[in-house]
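Comments concern the structure below.
Throughout, read-outs are computed from the coordinates displayed, never taken from laboratory work. Remember, it's a predicted structure, so these values are computed and weren't measured experimentally. Heads up, the Cβs are rebuilt from the backbone with ideal geometry, glycines too, and the neighbour counts pull from every protein chain shown.
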Amino acid sequence: MYRIKIVCVGKTKKKYWADAIGHYAKMLAPMVRVDAVSVKDCPNAGGEERKRAESERILEKVGQRDTLVALHETGRLMNSRDFAAFVRPLFESPQGECCFAIGGAMGLSPELLARADHLLSLSPMTMPHELAQVVLYEQLFRAMTILANRTYHY
């Protein structure tokens, strides 16, 4: 079974986001073990300081041998089939886990982006981190069905 880690800044506060994430996490469970990790946000810190502090907390959860995929507006855009092809070797790597990082309101620090092995954009539009989680979970489920030749993706 594949293992991945999703590290996100802040807790999911709204029930509807948590329900949507839970729905896709449950559907992924037979195919992928997802370790969901949230790190504390820093709402009292200013712009760059907040970004740096939250990114440091994310990096504490990422192992040295892990493959880090940072979700960022400058990242690579791809369709669902390309995403499935992209994640397959990351999941099958004998080294560390595949880790996805989702920043908080201010985004991710240059230090985290430099450490990232890949930058991925879910959309050129900005979205709340809770919605980014929902989209990521759904696309991971879709990728797994594509890789398994199941009929979820048309």
Residues of type lysines that Lys15 reaches as a straight line, Cα spacing below 21 Å, ignoring anything fewer than 8 places off in the same chain: Lys26, Lys40
Of every Cα-Cα pair in the stretch 68-154, the percentage lying beyond 14 Å is 65 percent
Rounded to the nearest 10 degrees, the helix 47-60 long axis (Cα) sits at an angle to the longest Cα principal axis of the chain of 50 degrees
Before anything else, pin down the relative contact order of the chain: Cα pairs under 8 Å, at least 6 apart, normalised by residue count, whole percent. 32 percent
By how many degrees, between 0 and 90 and to the nearest 10, does the Cα long axis of helix 80-92 differ from the longest principal axis of the chain? 80 degrees
Acute angle (nearest 10 degrees) that the helix 129-147 long axis makes with the longest principal axis of the chain, alpha-carbon atoms: 20 degrees
When the distances between all Cα atoms of the chain are binned every 10 Å from zero, what whole-number percent does each bin get? 11, 43, 37, 9, 1
Nearest 500 deg cm²/dmol is fine: what mean residue ellipticity at 222 nm does the chain get from its DSSP H runs of n ≥ 4 alone, each adding -39,500 (n - 2.57), divided by its residue count? -13500 deg cm²/dmol
Any aspartates and glutamates with Cα under 15 Å of the Lys11 Cα? List them, leaving off those in the same chain fewer than 8 positions away. Asp19, Asp35, Asp41, Glu54, Glu130
Please give the charge dipole size of the stretch 2-147, origin at the Cα centre, charges +1 on K and R Cβ atoms and -1 on D and E Cβ atoms. Round to the nearest 20 debye. 360 debye
